[in-house]
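Right, one structure below, let's go through it.
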Amino acid sequence: MTPNALPGQPHVAYRGDQLFVEDCCLSELAERHGTPLFVYSKAAMLAALAAYQRGFAGRKAQICYAMKANSSLAVLQVFAQAGCGFDIVSGGELQRVLAAGGDPAKVIFSGVGKTRAEMREALAAGIACFNVESEAELEVLSEVAQAAGQKAPVSIRVNPNVDPKTHPYISTGLKGNKFGVAHERTLETYRRAAALPGLRVVGIDCHIGSQITETTPYLDAMDRVLDLVEAIEADGIPIHHIDFGGGLGIAYNGDQPPAADALWAQLLARLDARGFGDRQLMIEPGRSLVGNAGVCLTEVLYLKPGEQKNFCIVDAAMNDLPRPAMYEAFHQIVPLAPQAGTPTTYDVVGPICESGDWIGRERALSVAPGQRLAVLSAGAYCMSMASNYNTRGRAAEVLVDGSQAHLIRSRESAADTFRHEHLI
Ligand SMILES: *Cc1c(COP(=O)(O)O)cnc(C)c1O
């Protein structure tokens with residue numbers, strides 16, 4: 001960790017009066033590439049991955065990066081080169097994995113609404129496993145595989161009905177969520193899968209939610225899944241791998257999620273105690289691999305003092321940073337080069353014509369127009385959720401590796417945003 005590193009972001013630190021990611025000065029990057037600009041630390045991504053790799057040392061485990069968290073090609077390339085597989089949720093994501101040099105044999109395909117075309121593509125690519133989310137999907141996948149003369153490898157996503165104690169929009173393992181097969185119907189669903197001619201049962205899967213900061217929900221889910229594995233195997237259907245999903249949280253605002261290796265030390269102890277320690281394991285982490293590896297740089301356009309609130313209007317907006325508008329999520333906001341002077345309390349907002357277009361509320365900042373800010377913890381679920389709302393081109397992205405800064409995505413122009421439209 002660099003001295004003066006920001007809390008929770010060991011690769012983001014002030015040197016003198018300038019904010020750096022690794023050995024790159026962010027003011028210089030903003031000058032060169034403009035704003036809004038996403039900047040990622042390769043070392044931070046690899047350090048986050050290493051925590052999982054340490055946790056699984058000596059085990060049979062495959063880490064499948066849940067790429068919807070950040071699916072930029074160079075980010076996928078970093079993880080592919082580090083040995084990761086990928087958890088995909090669409091045919092488009094499969095094409096990205098292939099374009100980034102990922103190994104299709106390490107790809108698992110999740111999601112409640114896979115189309116026949118997506119199933120065909122994934123079978124042709126030779127992916128490791130389909131995580132099937134309903135009985136209806138089993139039937140369709142079997143048909144598609146049979147037509148292709150194949151047996152699709154399947155794992156059934158079970159809904160363990162545990163409360164991950166996170167935001168309702170990002171909890172997925174409770175009854176009433178659209179995800180997975182109900183705990184009570186699991187055995188029957190496995191029997192059906194084992195009987196279908198186009199399928200080959202290989203595993204079981206669960207994923208209970210996102211931004212989880214406690215260990216207990218994971219232990220509870222593990223117990224429920226292992227109970228199911230015992231019941232399914234007693235029924236004569238062998239389960240080769242167990243996939244415990246993703247969901248580990250990161251520090252956005254003093255949150256204290258367990259470290260990945262500490263979490264897995266506890267989970268593996270439970271697994272060993274129950275006699276499943278030598279099983280092939282899989283996990284699907286997303287946010288915890290990339291969230292704190294990225295920042296979004298933005299320039300202050302205007303300060304607008306008001307009777308009730310002061311607004312700091314910046315050039316990044318909800319199309320770049322959708323999490324506050326979607327989940328009232330918190331991102332820390334810090335200056336690239338701190339200014340002296342008494343701070344004022346501002347709502348930091350973007351230029352989009354929506355009251356929901358805010359990035360941070362009631363932040364004490366000492367800023368002037370033309371100054372730049374960094375929105376922290378912006379590596380996950382920001383660029384991958386970015387849109388062109390208000391005909392704003394999506395931001396550029398830079399991947400920092402030591403003192404090298406690679407432009408990994410060029411800024412979209414307005415013409416790019418309407419390239420596929422046609423006048424009548
Ligand atoms: C989104 C998702 C993940 C990753 O969740 P994180 O909270 O980003 O770790 C893993 N598995 C599935 C099925 C998902 O939908």
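A compact table of results
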item: 2 or more residues touching a residue at least 12 places away in the same chain (Cβ under 8 Å) and farther than 28 Å from residue 269 by Cα: qualifying strands (runs of 3 or more DSSP E) within the stretch 1-93; result: 9-15, 18-21, 37-41
item: Residue 209 touching a helix residue (DSSP H, G or I) at 6+ places or on another chain (Cβ under 9 Å), within 20 Å of residue 163 (Cβ to Cβ) and surrounded by 21 or more Cβ atoms within 10 Å (Cβ to Cβ); result: yes
item: Breaking point among (1) in a helix (DSSP H, G or I); (2) under 19 Å from residue 165 (Cα atoms), for residue 233; result: (2)
item: Residue list for the stretch 72-95, filter: within 16 Å of the ligand (Cβ to nearest atom) and within 22 Å of residue 132 (Cβ to Cβ); result: 85, 86, 87, 88, 89, 90, 91, 92, 93, 94
item: Only listed residue being basic (Lys, Arg) and more than 27 Å from residue 93 (Cβ to Cβ), chosen from 59, 15; result: 15
item: In the stretch 123-154, the residues that are away from the ligand (no atom under 16 Å from the Cβ) and under 16 Å from residue 89 (Cβ atoms); result: 125, 141
item: Meets criteria (farther than 21 Å from residue 51 by Cα and assigned to a helix (DSSP H, G or I)) for residue 97; result: yes
item: Some residue of the stretch 254-276 being within 16 Å of the ligand (Cβ to nearest atom) and part of a strand (DSSP E or B); result: no
item: Counted residues, the stretch 7-20 - those being within 16 Å of residue 378 (Cα to Cα) and either out of contact with any Phe, Trp or Tyr (no Cβ under 8 Å at 6 or more places or on another chain) or hydroxyl-bearing (Ser, Thr, Tyr) (or both); result: 5
item: Filter pass, residue 221 being within 14 Å of the ligand (Cβ to nearest atom), buried (at least 16 other Cβ atoms within 10 Å of the Cβ) and not polar (S, T, N, Q); result: yes
item: Tally, over the stretch 363-421, of residues that are within 23 Å of residue 11 (Cβ to Cβ), among the polar types (S, T, N, Q) and more than 16 Å from the ligand (Cβ to nearest atom); result: 3
item: Filter result for the condition that a residue is in contact with a helix residue (DSSP H, G or I) (Cβ under 8 Å, 6 or more places away or on another chain) and either modelled with pLDDT of 95 or more or within 15 Å of the ligand (Cβ to nearest atom) (or both), over 120, 157; result: 120
item: Any hit, the stretch 338-354, residues being touching a residue at least 60 places away in the same chain (Cβ under 8 Å) and away from the ligand (no atom under 16 Å from the Cβ); result: yes
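Conditions (1) at pLDDT 95 or above; (2) among the hydrophobic types (A, V, I, L, M, F, W, C); (3) under 17 Å from the mean Cα position of the chain (by Cα); (4) within 16 Å of residue 107 (Cα to Cα), marked per residue:
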residue: 22; (1), (2), (3), (4): yes, no, no, no
residue: 50; (1), (2), (3), (4): yes, yes, yes, no
residue: 67; (1), (2), (3), (4): yes, yes, yes, yes
residue: 80; (1), (2), (3), (4): yes, yes, yes, yes
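The values are calculated or read from the model by the stated rules, or taken from the named source; none is laboratory data. If you're wondering where the values come from, they're calculated on a predicted model, not measured in any experiment. Here the Cβ is made from the backbone with ideal geometry for all residues, glycine too, and neighbour counts use every protein chain on show.
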